[in-house]
1. Which value results for Rg/Rh of the range 131-248 when Rg is the Cα radius of gyration and Rh the Kirkwood radius based on the inverse mean 1/r?
2. Could you tell me the center-to-center distance, by alpha carbons, between the range 592-664 and the range 338-381 in angstrom?
3. Amide H of L314: which non-local residues (sequence gap of 5 or more, or other chain) have their own amide H closer than 5 Å, using H built in the peptide plane?
4. At 1.4 Å probe size, with the rest of the protein present, what percent of the exposed accessible area of the chain is carbon and sulfur atoms?
5. If each DSSP helix of 4+ residues adds -39,500 (n - 2.57) and the sum is divided by the residues in the chain, what number results at 222 nm, nearest 500 deg cm²/dmol?
6. When only C-alpha pairs under 8 Å and at least 6 residues apart count, what is the relative contact order of the range 59-136, in percent?
7. Mind checking the per residue accessible area of the chain for me, 1.4 Å probe, whole number of Å²?
8. Please report the equivalent ellipsoid semi-axes of the range 537-664, computed as sqrt(5 x eigenvalue) of the Cα gyration tensor, largest first, in whole Å.
Amino acid sequence: MMKRISLLLFFVTSLFLFVQVLYAVESVEDVTYIDPDIPDSWYKAPKTASEVGIQEFNQSPMLDKRVAEGKLPPVEERLPDDPPVIEPYSKVGKYGGTANMWGTGLPGGNARFWNQISAAKSTADGQQVPFYIRGWEYTDDYKKLTIHLRKGIQWSDGEPLTADEYQYLWKYVLNNKKLYPVPPEEQSPPLADITVKDKWTVTFHFAEPTPWADYYLIFNMTPLTEGKQLFPAHFMKQFHPEIADREKVEQRAEEQGVEWQEEYTRMQRSDMHPEYSKMRPSLKQYIAVKRTVSSLILERNPYYPFVDTEGNQLPYIDRIRVDLANNGKMAASKAATGEATFATRNLNTSAIPLYKKYGPRSNYKTLIYRRAVSSEVAIVFNITHEEPALRRIFSDFSFRKAMSFAIDRKDINRKLYFNTAVPMQATAAPPDPLHNARLAQKYTDFKPEKARNLLDEMGLKDVNGDGFREKPDGSKFNPQFMYCKMGPVNPTSLLEMVISDWRDVGVQVDLKMLNRGLWNMRCKANKMDATGWIFDIGGPRAETPHGLQSIAPVSISSSSPWTQWALWYESNGEEGMEPPPIGKKLIDKAEIILKGTDMKKRHEAKKFLVESLTDNLWRIGTVGLPPQPLIISEDIRNFPKTGLWGWQFGAYLGPYHTEQVYLE
């Protein structure tokens, strides 16, 4: 009995302490989501060494022996002609140490986020600035995008990064039907050619105006969507039958029991496999040096091109060690007991009181970032349902408004997020310039009686006395809400509270959790009544085809309220359902964003779509900007205290320059 009482007191005390640390918020404007101490230089393209007067360069002592033995060139020869400079968050750091991380795979999410590189960076407020490249520009018609490489950048084996990589990508990869069955001009973005002016200047030619392609520079070294990475041509050529000896290439693949294109793809991913006979060079901060079945050791890339304000080659930390956890719970528990230098993957909001409690005794602190979403779960009803009666109900704005008024968002925030999230609609969240406080709060008041009246007016009434409403014709009304785990978020607890609120106004909705593959297939096939997903249309991502599918019926997506409208659009009217005038207007505005060259008109079109989203409740929001815990060792320095946490910022850690983090 005493043990149970102690445990209860522990949880009550932890919860009280946590609420004191993270006070309740009622609106987006009350939330601090950008660290004010982030250097101003992080919001601009990095200056170069010559611009800040750096004339001498230094390296980590761990490389001194290799340089002395002639196994590595001096640091000056490993850096670019004019190295870009990263200003430290707080102070110039010191070299050394190993950062310990855990993952459910190798290298796992924590290490991947830490070790990400890209042509451009997202800033903490969602803008884009050059990073690995010097810059980029479009032609006036937005059909050509030119990027400018930094002279002298090298792969981790010392070979130069030049425009040759892009010529190889175009000629031997994107146009090879074994590697890419769909021709480049039929992909997104529609690529017509890649040309080079010199070794440092590359132009991407698009088949139509593509003013959104530069967004993808924050993920890759190309503007060709998140999946199309740049690989070292000098290394990959040996696995390509059009360049290397075909017989040897095919023999190597046969030894692995695969076709040559599968072996080629395997070698593209070999940078994390030092146990392979050949390992691909990298541009990342860290390169893999040892791998076992349960761990991966990465060491600093001697050719990483960035330096700090005193000419010290970055990164500061020498090594990363990743250990394999059996599952996400084990990975989180390892972090919670102080066995991780850095962790965020698999950490749950509900466990923040425990992290706060155990941190001081386990030598770590818990930082609270904000997940950059306007809705942890945005709810959609299928307005293109194949059953006419359900389609009429879900398409009726009064129904969607009633279902929104029925949700007690403050109760959800209090019970699941310790009053630290923001009750709001699915709309543009900060720092998007189109964020609008009025739209964020529209139809979010908890008004169950108003919800009941709206449902009554629709003819949805309880005719058999069981406490639940029937359809206007008296038949059963029992929508099924299909969902799955949403990346790191399991929405079950939130959805159970929503379903309970709906039942209180007489609408019986049943939850059905599926695996993601089946959920995706059923939703896209229009075999669902209602569903939901995380909603994050922030910034430039909303102007891409992937982002626009959330706010206009231009592409079939799993969590779409208008699957059949999108099918009609994609099939040029041959399949699906023809949208009503408002649906066609959404499509027209989306096309302006996708193909327009007038930036003012594109902005106005995006503004219309964002406003329409809330005005029509195409998606019903719940709570936004929820807290995201990050566990960092007390030994870590130069890590921003808070920030926005979202994939749309370049794999989560994109804005925060992990290369300048160091261990005390």
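The values are calculated or read from the model by the stated rules, or taken from the named source; none is laboratory data. Since the model is a prediction, treat every value here as computed from it, not as a measurement. For accessibility, only protein heavy atoms count, side chains too; no ligands or nucleic acids. Shrake-Rupley method; radii C 1.70, N 1.55, O 1.52, S 1.80 Å.
1. Numbers: Rg = 14.3 Å, Rh = 14.8 Å.
Rg/Rh: 0.96.
2. 17
3. Those lying under 5 Å, H to H, from L314 are F306, V307, D308.
4. Details: 13330 of 27690 Å².
In the chain, the share of accessible area belonging to carbon and sulfur is 48 percent.
5. Details: 22 runs with 191 residues, N = 664.
Taking each H run of at least 4 residues, the total per residue is -8000 deg cm²/dmol.
6. Working: 37 pairs, mean separation 12.1, N = 78.
Answer for the range 59-136 is 16 percent.
7. On the way: 27690 Å² over 664 residues.
Result: 42 Å² per residue.
8. Working: eigenvalues 283, 50, 35 Å².
Semi-axes (√(5λ), whole Å): 38, 16, 13.
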